[in-house]
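Notes follow once the structure below has been shown.
The values are calculated or read from the model by the stated rules, or taken from the named source; none is laboratory data. Keep in mind it's a predicted model, so treat the numbers as computed, not measured. Please note: Cβ atoms are built from the backbone with ideal geometry, for glycine as well, and neighbour counts cover all protein chains shown. Please note that ligands, DNA and RNA were not included when accessible areas were found on the heavy atoms of the full protein model with its side chains. Shrake-Rupley method; radii C 1.70, N 1.55, O 1.52, S 1.80 Å.
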2 protein chains.
Amino acid sequence: MDRTGQIAVIFVSQRTDADAAGYAAAAEAMDRLAAAQPGYRGVDAARGTNGLGITVSWWADEAAAIAWREHPAHAAIRAEGRARWYDRCEIAVAAVTRSYEWERP
Amino acid sequence: MDRTGQIAVIFVSQRTDADAAGYAAAAEAMDRLAAAQPGYRGVDAARGTNGLGITVSWWADEAAAIAWREHPAHAAIRAEGRARWYDRCEIAVAAVTRSYEWERP
């Protein structure tokens with residue numbers, strides 16, 4: 001998919017060891033909710049065995065990314081994240097200027 | 001770290017099952033080489049047990065990101081990646097408009 005012009009929200013986080021089940025349920029609920037928002041263009045996520053994870057959510061434009069940030073359920077879950085699930089996190093919002101993809105033929 | 005103004009190179013990749021040792025050695029060598037380039041501002045990487053990985057490398061500006069793309073050793077290793085290590089990959093280059101960070105107090 002050509003992502004030129006999209007907004008990438010890059011979320012880098014270090015999980016605590018706490019509450020694996022609660023975290024998994026919340027992550028799945030947020031994925032579902034994000035996917036239902038206007039301007040949603042997908043998500044990529046990976047977390048290693050050391051607990052460091054990266055999630056990139058892709059949005060049609062800035063307004064869509066901001067609307068997702070401001071969604072009440074999303075804002076509420078961030079408080080849970082800071083209380084229990086994360087030791088640290090970093091977010092960067094970035095405008096895609098070019099993209100490429102390759103798949104094994 | 002405030003990443004506003006930096007360039008994020010987002011690399012999403014699906015590993016094959018092949019050549020774990022060769023891949024690990026090459027990844028470490030590329031990390032070291034990238035860190036020695038002008039304008040390098042860090043890297044975040046995670047790969048899950050399903051083989052899907054995300055690497056975000058951060059650069060001072062477009063020129064630095066492009067110079068790294070064109071580095072001969074980096075270009076050579078990409079051919080190896082397509083031949084052996086990846087089933088698919090996607091790259092997006094994006095200009096950071098704002099960033100936030102949080103750490104457990």
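Give the nm distances, rounded to one decimal, from B:Ile77 to the matching residue in every other copy, measuring between label points 7 Å along Cα toward the beta carbon; shortest first.
3.4
Rank-order B:16-29, A:34-47 by packing density, defined as the average count of other C-beta atoms within 10 Å over each peptide's residues, highest first.
So the order, starting with the most tightly packed, is A:34-47, B:16-29.
Please report, as a whole percent, how much of the solvent-accessible surface of the protein assembly as shown comes from carbon and sulfur atoms (probe radius 1.4 Å).
Answer for the protein assembly as shown is 58 percent, counting heavy atoms of protein chains only.
Compute the normalised compactness of the range B:1-69: alpha-carbon radius of gyration over 2.2 N^0.38 Å, N being the residue count.
It is 1.19.
Taking a point 7 Å out from Cα toward Cβ as the label site, list the nm distances between B:Gly22 and the same residue in every other copy, smallest first.
Ordered by increasing distance: 4.6 nm.
Is there a quick way to get the dipole size of the range A:7-95? I mean about its Cα centre, with the Cβ of Lys and Arg at +1 and of Asp and Glu at -1; what is the value in debye to the nearest 20?
Its charge dipole is roughly 80 debye.
Using only DSSP helix segments of four residues or longer, with each worth -39500 (n - 2.57), what per-residue ellipticity at 222 nm results for the protein assembly as shown after dividing by its residue count and rounding to 500?
Taken over the protein assembly as shown, the calculation gives -10000 deg cm²/dmol.
With a 1.4 Å probe, how much accessible area is buried between chains B and A, both sides summed, in Å² to the nearest hundred?
So the total buried area for this chain pair works out to about 3500 Å².
If the label for B:Asp2 sits 7 angstrom from Cα along the Cα-to-Cβ line, what are its distances to the same label in every other copy, in nm to one decimal, shortest first?
Spelled out, the distances from B:Asp2's label point are 3.5 nm.
Would you mind calculating the gained length between B:Ala73 and B:Asp17 on full extension (0.36 nm times residue separation, minus the Cα-Cα distance), in nm to one decimal?
17.8 nm
How much accessible area per residue does chain A have, counting only protein heavy atoms and a probe of 1.4 Å, in square angstrom?
So chain A comes to 50 Å² accessible per residue, rounded to a whole number.
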